[in-house]
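The values are calculated or read from the model by the stated rules, or taken from the named source; none is laboratory data. It should be emphasised that the depicted structure is a prediction, and the values quoted were computed from it without experimental measurement. All Cβ positions, glycine included, derive from the backbone under ideal geometry; neighbour counts span all protein chains shown. When the accessible area is computed, the model is the full protein with side chains, heavy atoms only, and any ligands, DNA or RNA have been set aside. Shrake-Rupley method; radii C 1.70, N 1.55, O 1.52, S 1.80 Å.
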Amino acid sequence: MKDAENYRFDGPETLREPVLRALSRVVDPEVAMSIVDVGLVYAVTATAARLHVVMTMTSAACPVADVILDDTLAELDQVVPDGMSVDVELVWEPAWTTDRMSASAKAFMDW
């Protein structure tokens with residue numbers, strides 16, 4: 001799973017793997033790959049009270065953005081400690097590029 005971790009993580013090490021597994025369960029239905037493999041997740045910051053995820057979509061016109069955001073929140077809510085809030089921030093800068101994709105995603109796409 002380390003191949004897929006192409007985002008910055010700042011927080012307790014005890015949360016790194018559970019968060020990565022949760023994010024890896026969220027699938028971008030347009031490409032049938034996890035949002036981590038596609039490179040949609042830019043950063044995760046965790047404090048004692050809050051988990052903050054910064055992510056993007058492959059385009060501003062993504063028709064499934066709401067589904068991906070809802071799924072991301074639902075998966076993360078399952079792994080964070082009780083009382084920790086989860087916040088997902090959708091950004092457009094920097095713009096997503098195929099360079100953000102994991103090696104396994106590029107292989108899957110035959111790139």
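Roughly how many percent of the accessible protein surface of the chain is carbon and sulfur, given a 1.4 Å probe and a whole-percent answer? Ligands and nucleic acids excluded, carbon and sulfur reach 54 percent.
Assuming charge only on the beta carbon of Lys and Arg (+1) and of Asp and Glu (-1), the dipole of the chain about its Cα centre is about 260 debye to the nearest 20. Beta-bridge orientation, the chain: approximately 45 percent antiparallel, per DSSP, counting only bridges with both partners inside.
Can you find, among Ser59, Val41, Ser85, the residue sitting farthest towards the positive end of the charge dipole of the chain, where Lys and Arg contribute +1 and Asp and Glu -1 at Cβ? So the residue we want is Val41. Here Asp99 and Ala48 are evaluated by their C-beta separation; at R0 = 30 Å the FRET efficiency comes out at 0.35.
Taking Ala22, Ala61, Ala74 as the candidate residues, the one with maximal mean-square fluctuation in a Gaussian network model of the chain, Cα springs under 10 Å, is Ala61. Dividing the helix sum by the residues of the chain, where each DSSP H run of 4 or more adds -39500 (n - 2.57), gives a mean residue ellipticity at 222 nm of -9000 deg cm²/dmol.
The angle separating the long axis of helix 65-77 from the principal Cα axis of greatest extent in the chain is about 40 degrees. With Cα atoms as the point set, the radius of gyration and Dmax of the chain evaluate to 13.2, 43 Å.
Give me the extension gain from Met84 to Arg16: residue separation times 0.36 nm, minus the current Cα-Cα distance, reported in nm with one decimal. Mind showing how you got there, number by number?
Numbers: separation 68, 0.36 × 68 = 24.48 nm, distance 1.48 nm.
Net length gain for the segment: 23.0 nm.
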